[in-house]
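In what follows, a structure is listed as structure tokens, so that the remarks can point back to it.
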Amino acid sequence: MSSMKFLSSIVTVITVLSVNCGNLSHGYEVIDSTDGVVIGVYSEDQAKLMNEVYVDRAAEDQILIFPDGDEQLNEEENGSNAGELESSQNTTTSKPSGSCEMNGGECMSKKNKKNCQGTINTEYSCSNKDVCCMPDVLGLLLQSIKENQKSIKDDLSELKSNISDIGTITETKLNNVKGSLDVLMSNLTNLNNNQDLMKSGLMSNLTNLKSNQDMMKNNQDVVMSNLTNLGSTHCPKGFFLSSGHSRQCFKYFNDTTRSWTSAVSKCQAEGLVLAEPYDPVAVRAYIVTKYGGSQWTWINGRGTGSYMKLQRSGAYVYSGNAYWWNGHPSSYVSTSYCLMFTTNYSWMKSYPIQTYYTWSCTNRAY
């Protein structure tokens, strides 16, 4: 049995001569490699079933075939063991139940079987030179559970720390929000106080402004009265005295054209009011003769929506007034239309009496 020292601990199939196999012309003996006892003799087809990896050695009858190992017996050793194997030809055993790797094992060389981390399993087959190493499932499971427990413990510790941090951060943010709300409420209180002060100051300023406007109106009335009174004899420097029965003093600004609103502002800046001539025919004639008749001239009238109204005196220029230009005022009496003189030489020559004309307040004239 010296040749059995290199046999693995799994079932081995051996090819023998026909003279050693009794009534079989060619067969395969199966022995237990642990103790060398012959388990049985099988035909070629049966032997194939005993081992998934089958090597055809029909031409090499004197060579022992080890489907699960990587060594072979030489011819001498084969002869010395032949009689020993013949005594147990009728013994039977169960065949491997399937592939090692398909059942979760690992096929490894017999030389390296000591590296198997589980157990060497004989129920599943590998190639001729390998053994089936089955993992220690229970041990691996216990190890995995232990590792998972440690991981879960670490995760719980980290979660606890994170929850604590979240609580601290949340409390800090809530305090910050509360502080911001306090500041906001304080600012709103100050804003309300400032609004009250601004409202009070604005009302006071509006009152003063109205008072100043009334004073300016009174002063303008005084100025116009004085100019009218002066007009009976003479006017201040820069003014002209209209001919006819009105005897008013006027100042004509022809430095640039302006909208009606700008013309009102220009007169106010000079301490005057936009003119409301008593005798529009005489005043227009003076302007055309003195300054040239190429532009039109604003006077102090604006539409109310129904009529044209002189702004200082409050008098209405009704549609039946003889001074209206043909077709005016018609429907041009909205607040966007203002009153002017037709200070144009050809128009004055053709229509000497018709001096009033309505035009958009945003247009420019003298």
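Are any residues in region 146-168 open to solvent by 80 Å² or more (accessible area, probe 1.4 Å) and among the charged types (D, E, K, R), and if so, which ones?
Correct list: LYS146, GLU147, LYS150, LYS153, ASP155, GLU158, LYS160.
Here is a check on your reading of the model: is LYS217 over 15 Å from THR297 (Cβ atoms), modelled with pLDDT of 85 or more and not aliphatic (A, V, I, L, M)?
When the stated conditions are applied, LYS217 does not pass them.
Restricting to region 282-307, count the residues that are over 11 Å from TYR366 (Cβ atoms) and under 60 Å from the mean Cα position of the chain (by Cα).
Count: 8.
Spot the failing condition for ARG247; the list is (1) open to solvent by 70 Å² or more (accessible area, probe 1.4 Å); (2) charged (D, E, K, R); (3) closer than 14 Å to THR358 by Cα, and only one is missed.
(3)
Which one is most open to solvent (accessible area, probe 1.4 Å) among residues in region 292-310 that are within 13 Å of TYR337 (Cα to Cα) and either in a loop (DSSP other than H, G, I, E, B) or polar (S, T, N, Q) (or both)?
In this case the residue turns out to be TYR307.
Quick one: which residue in GLU123, GLU171 is in contact (Cβ under 8 Å) with a residue 24 or more places away in the chain and open to solvent by 60 Å² or more (accessible area, probe 1.4 Å)?
Among GLU123, GLU171, only GLU123 is in contact (Cβ under 8 Å) with a residue 24 or more places away in the chain and open to solvent by 60 Å² or more (accessible area, probe 1.4 Å).
Just one of the numbered conditions (1) farther than 16 Å from THR358 by Cβ; (2) surrounded by 14 or more Cβ atoms within 10 Å (Cβ to Cβ) is not true of TRP324; which one?
(1)
For GLY314, only one of the following conditions fails: (1) in contact (Cβ under 8 Å) with a residue 12 or more places away in the chain; (2) small (Gly, Ala, Ser); (3) open to solvent by less than 40 Å² (accessible area, probe 1.4 Å). What is its number?
The number of the failed condition is (1).
Before we move on, is GLN143 part of a helix (DSSP H, G or I) and surrounded by 10 or more Cβ atoms within 10 Å (Cβ to Cβ)?
Against the criterion (part of a helix (DSSP H, G or I) and surrounded by 10 or more Cβ atoms within 10 Å (Cβ to Cβ)), GLN143 qualifies.
The values are calculated or read from the model by the stated rules, or taken from the named source; none is laboratory data. Since this is a predicted model, take the numbers as computed values, not measurements. Every residue, glycine among them, receives a Cβ derived from its backbone with ideal geometry; neighbour counts consider all protein chains shown. These accessible areas exclude ligands, DNA and RNA; they are computed on the full protein's heavy atoms, side chains included. Shrake-Rupley method; radii C 1.70, N 1.55, O 1.52, S 1.80 Å.
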